[in-house]
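Starting off with a structure, shown below.
Read-outs: derived from the displayed coordinates by stated rules, not from any lab. What you see is a predicted model, and the numbers here were worked out from it, not measured in a lab. A quick note on method: Cβ atoms are made from the backbone with ideal geometry, for glycine too, and the neighbour counts reach across all protein chains shown.
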Amino acid sequence: CGVFGVNGVTDAANFVALGLHALQHRGQEAGGIVSYHPEHGFNSARRFGYVRDNFTRASLMETLPGELAIGHVRYSTAGSKGAAIRDVQPFFGEFSMGGAAIAHNGNITNADALRRELIERGSIFQSSSDSECIIHLMARSLQRDIPARMEDALRRVEGAFSVVAMTRTKLIGVRDPLGVRPLVLGKLADDGYVLSSETCALDIIGAEFVREIEPGEMVVISGGKVESRRPFRAQASKFCIFEHVYFSRPDSIIGGRSVYETRRQIGVELAREAPVEADLVCPVPDSGTPAAIGFAHESGIPYGMGIIRNQYMGRTFIEPTEQIRNMGVRLKLNVNRALIRGKRVILVDDSVVRGTTSRKIKEMILDAGAAEVHFRIASPPTAWPCFYGVDTPQREKLLAATMSEEEMREHLGVDSLKFISLDGLYRAVGASEEGRNNKCPQYCDACFSGEYPVEPADMIEKGFKL
Ligand code: 5GP
Ligand code: SF4
Ligand code: MG
């Protein structure tokens, strides 16, 4: 998901709509905005579909007045798949000291247990979303102001959370102690401040990047001042390494590093680790593009656009049902036959999850007359599900959970298949020259290593085996 918030500007909701548009790659199912105006109070709009189709209509935006607003774009991981407007954020709660709205990116790993406990004690849940727990925990806190109630609430929550929240006067941002999901602070002219999942959404509104919210930090922003708090016990950070590989936009900056440059470097590492003789390096667009550029550069093999992407399709993985995902590949990608014919082709993609994409693409490339197909993957084999906010399927559906690399190669029907090593990936993201620190990994890489930095309590209760 993507979260965004602005204060200190007239028509804050318009800024939020633009920010969410720039974060649309983080969630395409639905979006929502809440604003506050001293005369008109809190207002909200939650809609299915793209930001640009909903939040550009003047009639809708006029219902969201005020100098303070937050928003969310949704990609369903927890909660019901698909359609239920009640699951669309931001969520709103009315407390004795006033209202508050929250938007959450990440996944709460003890949400089932918390929900059970809260329902037993009288909470009435409105949605099936894990994020709603935060509002109910806030309602039960005895603290006298809303930021302090949020601190109370979030201390009970486990897992990944980057939260953007607002009261009548304050814009609030929090990252979980491990800092699994991103969150950055930006500044507008005068007293305006911005919170955003990624820096690419600061650019769109002309905000200046100030800094990242640190893992375990809470910022409370009002009247042009940013107050920093530390609600949690300090821990070693575990940023999601897959944000670098796939999730974030390549024009964003993470940890002082360009995501594009990191992905290009992954391609360089891959070319060193798994060279192969071929005539052409092709990305599987868009997510494989920077890595393919790096691979071509390092190997000296020409780069070409052997697969053309229809720009009017969203991310296929993010369509929740299997059937749509299957069709999705052809709706979205087509082979550039004239370029491919007779060539030995290296295809570079970011990841293999179920193998659906890779299989379809291999068929299309062979149909177009390629002589050989070699897959090079910009992440290690995805052998474990993510419980921190990326929607990987159950373990059984992950190709790498049940097959060796050679079996995967056979299953996909390609001439060769190689994944970047974990150490290679760590080098590419700039963690260290040696790669992964196996005693205390610098990132979360659970979907590759099976080492979960936060025990996925709900899933273990449901029978998941570490
Ligand atoms: P598959 O078709 O193997 O199930 O999925 C791999 C494709 O899904 C890749 O092309 C990758 O770009 C895309 N993808 C989209 N979202 C995700 C995600 O959340 N996780 C992973 N691993 N891949 C994703
Ligand atoms: Fe990111 Fe993978 Fe960790 Fe999930 S399990 S947070 S996708 S590195
Ligand atoms: Mg892809």
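So if I place +1 on the C-beta of Lys and Arg and -1 on the C-beta of Asp and Glu, and nothing else carries charge, what would the dipole magnitude of the range 2-237 be about its Cα centre? I want it in debye, nearest 20. All intermediate terms of the calculation are to be shown ahead of the outcome.
Details: 26 positive and 27 negative charges, 97 e Å.
So the magnitude is around 460 debye.
Relative contact order for the chain: what percent, with Cα pairs under 8 Å and sequence separation of 6 or more?
On the way: 1111 pairs, mean separation 59.1, N = 466.
That works out to 13 percent.
Give the shape of the range 393-463 as rounded, prolate or oblate, defined through the alpha-carbon gyration tensor: a ≥ b ≥ c are the square roots of its eigenvalues, a/c under 1.5 means rounded, and otherwise the shape is prolate if a/b is larger than b/c and oblate if not.
It is oblate, given that a/c is not under 1.5 and a/b is not larger than b/c.
While we're on this one: Taking neighbour Cβ counts within 10 Å as the exposure measure, how do Asp203, Asp190, Asp349, Asp145 sort from fewest upward? List each step's numbers first, then the result.
Working: Asp203 18, Asp190 8, Asp349 24, Asp145 14.
With the fewest neighbours first, Asp203, Asp190, Asp349, Asp145 line up as Asp190, Asp145, Asp203, Asp349.
Also, I was wondering about something else. If amide H atoms are built 1.01 Å from N in the plane of the peptide, which residues on other chains or at least 5 residues away come under 5 Å of the amide H of Glu158?
HN-HN under 5 Å from Glu158: Thr109, Asn110.
In addition: Counting other beta carbons within 10 Å of each residue's own, what order do Met459, Met218 fall into, fewest first? Kindly include the intermediate steps, with their values, before the conclusion.
Numbers: Met459 17, Met218 22.
By the 10 Å Cβ count, ascending: Met459, Met218.
Excluding same-chain residues fewer than 8 positions from Lys332, which lysines have a Cα within less than 19 Å of its Cα?
Result set, ordered by chain and number: Lys360, Lys362.
Right, something else. In a shell of Cβ-Cβ distance under 11 Å around Gly430, excluding Gly430 itself, what net charge do Lys and Arg (+1) and Asp and Glu (-1) give?
Values: positive: Arg257, Arg427; negative: Glu261, Glu433.
Once all neighbours under 11 Å are counted, the net charge is 0.
Oh, and also: Sorting Ile119, Ile221 on the 10 Å Cβ count, fewest up front, what's the list?
Numbers: Ile119 12, Ile221 26.
With the fewest neighbours first, Ile119, Ile221 line up as Ile119, Ile221.
To the nearest 20 Debye, how big is the dipole of the chain about its Cα centre, given +1 on the beta carbon of each Lys and Arg and -1 on that of each Asp and Glu?
On the way: 55 positive and 58 negative charges, 105 e Å.
The calculation lands at about 500 debye.
If you don't mind, there's one more thing I want to ask. Counting only GluC sites (Glu not before Pro) that sit in a DSSP loop (anything but H, G, I, E, B) with at most 12 other Cβ atoms within 10 Å, what is the longest stretch of the chain containing none of them?
On the way: sites that count: Glu39, Glu62, Glu277, Glu433, Glu434.
After excluding every exposed loop site, the longest remaining stretch is 63-276.
Between Glu62 and Lys465, what FRET efficiency comes out of the Förster formula 1/(1 + (r/R0)^6) with R0 = 30 Å and r the beta carbon distance, rounded to 0.05? Provide the component values of the computation, followed by the final result.
Numbers: r = 53 Å, r/R0 = 1.76.
About 0.05, to the nearest 0.05.
Report the paramagnetic label zone for Val276: residues of the range 403-425 whose backbone N is under 15 Å from a point 7 Å from Cα along the Cα-to-Cβ axis.
Backbone N within reach: 405-421.
So, counting K/R as plus one and D/E as minus one, what does the shell of residues with Cβ under 13 Å around His104 add up to?
Summing Lys/Arg as +1 and Asp/Glu as -1 gives 0.
Estimate the FRET efficiency between Asp53 and Ile308 by the formula 1/(1 + (r/R0)^6), using the beta-carbon distance for r and 25 Å for R0, to the nearest 0.05.
On the way: r = 24 Å, r/R0 = 0.98.
According to the calculation, E is roughly 0.55.
Using R₀ = 41 Å, calculate the FRET efficiency as 1/(1 + (r/R₀)^6) where r is the Cβ-Cβ separation of Arg337 and Glu208; round to 0.05. Kindly include the intermediate steps, with their values, before the conclusion.
Working: r = 46 Å, r/R0 = 1.13.
FRET efficiency, Arg337 to Glu208: 0.35.
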